[in-house]
1. Which one of these is under 29 Å from Ser181 (Cβ atoms) and touching a residue at least 24 places away in the same chain (Cβ under 8 Å): Val127, Val79, Val134?
2. Is it the case that Arg26 is more than 27 Å from Leu167 (Cα to Cα) and not hydrophobic (A, V, I, L, M, F, W, C)?
3. Give the residues of region 189-205 that are over 22 Å from Ser161 (Cα atoms) and at pLDDT below 95, sorted by residue number.
4. Quick one: in region 115-146, which of the residues that are within 17 Å of the chain's Cα centre (by Cα) and farther than 14 Å from Ala20 by Cα is surrounded by the fewest Cβ atoms within 10 Å (Cβ to Cβ)?
5. Which residue, of Thr157, Thr210, is closer than 30 Å to Pro44 by Cβ and among the hydroxyl-bearing types (Ser, Thr, Tyr)?
6. Does region 160-184 hold any residues that are touching a Lys or Arg at 6+ places or on another chain (Cβ under 9 Å) and of a type in the set (A, V, I, L, M), and which are they?
7. Inspect all residues belonging to region 176-186 and state whether any of them is among the β-branched types (Val, Ile, Thr) and surrounded by 13 or more Cβ atoms within 10 Å (Cβ to Cβ).
Amino acid sequence: MTKSNMHIVIRRYQPSDREAVETIFRDGLMEHINPAFMYAMTRPLHITVSLFFYIGAYVMSGQSVVLALVSGGAWIGFVYFCCYEFYASYIQERLNTDMKDIPGYYLSNPDNCFWVAEAEMAGRPRVLGMVAVVGKNDPGSEGEMYGELYRMTVSSTCRRSGLGLRLAKTAEDFCKERRFSKIKLSTTSPQKAGVALYFRMGFKLILVHTQFETPKWMIWMTRATILIMEKNI
């Protein structure tokens, strides 16, 4: 069955979905490690530091190519380690918080919801994506609420099929039904495909910052930033 003729149903999360949801969430974020690494290594500062390690080691070692390669390789390996830890630590934290009790966190309040996208593959139902919304009070308004988008993930087997757009629209329609004034989300700079999708949907970038829960030195190494986006609905 191809992506184009695959019948995908988007429905509310059920407890039996937990293992599949955790797997997609983990795999989806781990896929960002290599793009994040490439993003970090192509920043001007990291290019300069890389040249410093290679050239510096070459000169100081008496023109040893081997030591220059080892020195530069160690720096590059450390950048990759930071990119890995950046996402791995975030995954573990989420699996120990809201993802640990999805019914309690997302389904016990009418202003919140968690959906999964499911299709039949090889005769068995399979979860291929997910998205969640949490309703929050808008501090800048008189009693209005907005919806915040969370856990937007699509399985690698179903990319470029329009599923991401369908999930995002499901979340947006829910926010409209709840009469929220807008929908907001946070993403990271290396997640270019997701950012492009949100721009196509009419989201606007309202803030860029580096206030992660990750140690500041690791943020500096990854060169990642958080993008806050919102859309009035």
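1. Numbers: Val127 fails: under 29 Å from Ser181 (Cβ atoms); Val79 fails: under 29 Å from Ser181 (Cβ atoms).
When all the criteria are applied, what remains is Val134.
2. In short, no.
3. Keep residues of region 189-205 that are over 22 Å from Ser161 (Cα atoms), which gives 189, 204-205.
Selection gives Ser189 alone.
4. Val134
5. On the way: Thr157 fails: closer than 30 Å to Pro44 by Cβ.
Exactly one of Thr157, Thr210 is closer than 30 Å to Pro44 by Cβ and among the hydroxyl-bearing types (Ser, Thr, Tyr), namely Thr210.
6. Leu163, Leu165, Ile183
7. If we filter region 176-186 for residues that are among the β-branched types (Val, Ile, Thr), which is where we start, we get 183.
Adding the requirement that they be surrounded by 13 or more Cβ atoms within 10 Å (Cβ to Cβ) leaves 183.
The answer is yes, given that some residue of region 176-186 is among the β-branched types (Val, Ile, Thr) and surrounded by 13 or more Cβ atoms within 10 Å (Cβ to Cβ).
The values are calculated or read from the model by the stated rules, or taken from the named source; none is laboratory data. On a predicted model such as this, the values are computed, not experimentally measured, just so you know. Reconstructed Cβ throughout: ideal geometry from the backbone, glycine too, with neighbour counts over all protein chains shown.
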